[in-house]
Amino acid sequence: MIRLDDIAKQHGRQILYMDASCSINRGEKIGLVGPNGSGKTTIFRLIVKEEAPDAGTVSIDRGVSIGYFSQDVGEMSGQTVVAAAMDGAGPVSTVAAELRELEGAFSDPSRADEMDALIARFGEVQARFEELGGYALESQAREILAGLGFAQDVMDGDVGALSGGWKMRVALARILLMRPNLLLLDEPTNHLDLESILWLEGYLKNFEGALVMTCHDREFMNRLCGKILEIDGGELTTYSGNYEYYERERAIRERQQEAQFDRQQAMLAKEEAFIARFKARASHAAQVQSRVKKLDKIERVEPPRRRKTLRFDFRDPPRSGEDVVRFENVKKQYGHRVIYESFDLLVRRRERWCVMGVNGAGKSTLLKLIAGAIEADAGRVAVGASVKMGYFAQHAMDVLFPDQSVWETLVSTFPLASVGSLKTLAGVFGFSGDDIEKPVRILSGGEKARLVLAKMLYDPPNLLVLDEPTNHLDIATKEMLIEMLSKFEGTMLFVSHDRQFLAALSNRVLEVGEGGAPHVYGGGYTEYVAVTGHEAPTRAA
């Protein structure tokens, strides 16, 4: 279907690929993985001809249609959400646009003399529209938009009024509506809540075309991908299995390569020692020459490429009192919409609560009430004795100073810390080499989130209140965060759409629902799934 043969690509001084090859076959679902900056997005751009390889060829079978979802959605305004989703959905959207233009022409007095031609053309276009399934397009668009979390009234509203994250969902809906032979999805889950991720997972499982995606959601990759394509060190390596299989197989290959390298190094050292010892002796001249020639002919085993995984020993937080947060008869509403009514909750020391609920159910509201970012309309929210709170939310990134570098941010926050410990901290959160000199103003959303988390956790509080802390984090950083928080001795309340994060860290679940009483589940997310039979609260029909 698509073949990349002996491609080479270089961006500036960075070599992305050298003589790299791979193929994408019909119906395959492929996960594209590799370190940040290794060239994953460039693979997509090569396939859709937005870039050309420096050497080699990219071949696409005749008739293959490609839908490419990227993080750059472009401008969206001047139409409804459903119209924006339909606009760009392949040939049918072009025909639909001509139909609308012809309908407008019928009421234009200046074109009255063209009426016969317009009517004839309208008949042709209408027939083509029907042939392409155009009359079912709107219902399909609404179904996809609903799956991605849009309410019906929002679908009929102005797409220009949406936030950037919701516009990303519209762009994703547009690509899915195309039903191409090949879907290229660059981080499709970044702006989705858990309910939408689960819907998309089901949709892609039933998608009959080929799929290539990058994704920071390990569980999503595991359930969908039957093949992993890794970019590392300029090479493309194919693994026939899901993400867990890839991790195991990669570890085995690394151990084998390391053992092979060590064996060869030991042999080379032995031979070189013999040569050094006897090269001056005439009686051993023939043997020395023989061994020199042997060494010259040996194909050297490359040392294994080890992905450097930094670890940081975070200090233990101070101990809090046993009762950490208490809600008593709390009421909170926005306008006529009641979020909480007569709500009671007690959070005790070392409990780890994950807060579940559909969009608008009040998850972030609960965290804001605890953090003091908003106040209850009635009742009382009390934070216990000796509680030192750390609150992470998307707006927390606004407290960073745009003109400071990453390094200056850390040094100004912890002026007494050693240079070594701060450099290790920066490395653990993905800032190594020249990255620590980046000014905050040019950091991506994910990089800002990592910097805020680094500041928060270097001197950890004993109560962590985290609203989507894993947004935009890559798998390696996410797993580092999970490992670190699993050893955290304090109390946690968090909202996350990442199932690995939820399962690994929670020991209590609070499910909130708009207009309904919150429900407490003893046990963590894994027990919640077992008891309820679903991985996320379901949306009301």
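Read the figures in this text as sums done on the coordinates, not as results from a lab. Just so it is clear, the structure is predicted and the values come from calculations on it, not from any experiment. No Cβ is skipped: glycine too gets one built from the backbone with ideal geometry, and neighbour counts run over all protein chains shown.
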Taking the Cα centre of the range 257-297 as origin, sum charge times position over the Cβ atoms of Lys and Arg (+1) and Asp and Glu (-1), and report the length of that vector in debye to the nearest 20. 280 debye
When a footprinting reagent is the concern and you count Cβ atoms within 10 Å, what order do Phe488, Phe401, Phe261, Phe494 take, fewest first? Phe401, Phe261, Phe488, Phe494
Tyr203 versus Gln71, label points 7 Å from Cα toward the beta carbon: distance in nm? 2.1 nm
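Relative to the Cα centre, what is the charge dipole magnitude of the range 80-162, using +1 at the beta carbon of each Lys and Arg, -1 at the beta carbon of each Asp and Glu, and rounding to the nearest 20 debye?
Values: 5 positive and 16 negative charges, 43 e Å.
About 200 debye.
What is the fewest-to-most order of Asp5, Asp108, Asp186 by other Cβ atoms lying within 10 Å of their Cβ? It would help to have the intermediate numbers written out before the result.
On the way: Asp5 14, Asp108 10, Asp186 20.
The order, fewest Cβ neighbours first, is Asp108, Asp5, Asp186.
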Which label belongs to the value computed from this structure, given these candidates for Rg and Dmax of the Cα atoms in Å: [x] 28.5, 85; [y] 23.5, 77; [z] 28.7, 109? [z]
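For Glu254 and Lys487, compute 0.36 nm times the residue count separating them, minus their Cα-Cα distance, and round to one decimal in nm. Please report the intermediate quantities before stating the final value.
Working: separation 233, 0.36 × 233 = 83.88 nm, distance 2.81 nm.
Gain on stretching Glu254 to Lys487: 81.1 nm.
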Positive dipole terminus of the chain, leading residue within Ser364, Val212, Pro461 (C-beta point charges): Pro461
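Rounded to the nearest 0.05, what FRET efficiency do Asp316 and Glu408 give with R0 = 30 Å and r taken as the Cβ-Cβ distance? Could you check?
On the way: r = 28 Å, r/R0 = 0.92.
The value I calculate is 0.60.
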Mind putting a number on the dipole of the chain about its Cα centre? Charges go on the C-beta only, +1 for Lys and Arg and -1 for Asp and Glu, and I need it in Debye to the nearest 20. 2940 debye
Rough spin-label spacing in nm, given labels placed 7 Å along Cα→Cβ, for Gln289 and Glu527: 7.9 nm
Positive-end residue of Leu236, Ala141, Ile60, charge dipole of the chain with Cβ unit charges: Leu236
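Counting helices only, and only those DSSP H runs with n ≥ 4, report the 222 nm mean residue ellipticity of the chain as the sum of -39,500 (n - 2.57) divided by its residues, in deg cm²/dmol to the nearest 500. Walk me through the numbers before you get to the answer.
Working: 18 runs with 213 residues, N = 541.
Counting only the DSSP helices, I get -12000 deg cm²/dmol.
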Using the number of other C-beta atoms within 10 angstrom as an exposure proxy, rank Cys225, Cys215 with the fewest first. Cys215, Cys225
Along the dipole axis of the range 257-297 (charges at Cβ: +1 for Lys and Arg, -1 for Asp and Glu; origin at the Cα centre), the most positive-end residue among Phe274, Ala285, Gln260 is Ala285
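Using the beta-carbon distance between Phe278 and Ser21 and R0 = 51 Å, what value does 1/(1 + (r/R0)^6) give for FRET efficiency, to the nearest 0.05? All intermediate terms of the calculation are to be shown ahead of the outcome.
Details: r = 46 Å, r/R0 = 0.90.
Once the sixth-power term is evaluated, E becomes 0.65.
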What's the extension gain from Val338 to Glu131 if we count 0.36 nm per residue and subtract their Cα-Cα distance? 69.8 nm
Given labels modelled 7 Å from the Cα in the Cβ direction, how far is it in nm from Leu400 to Leu99? 4.6 nm
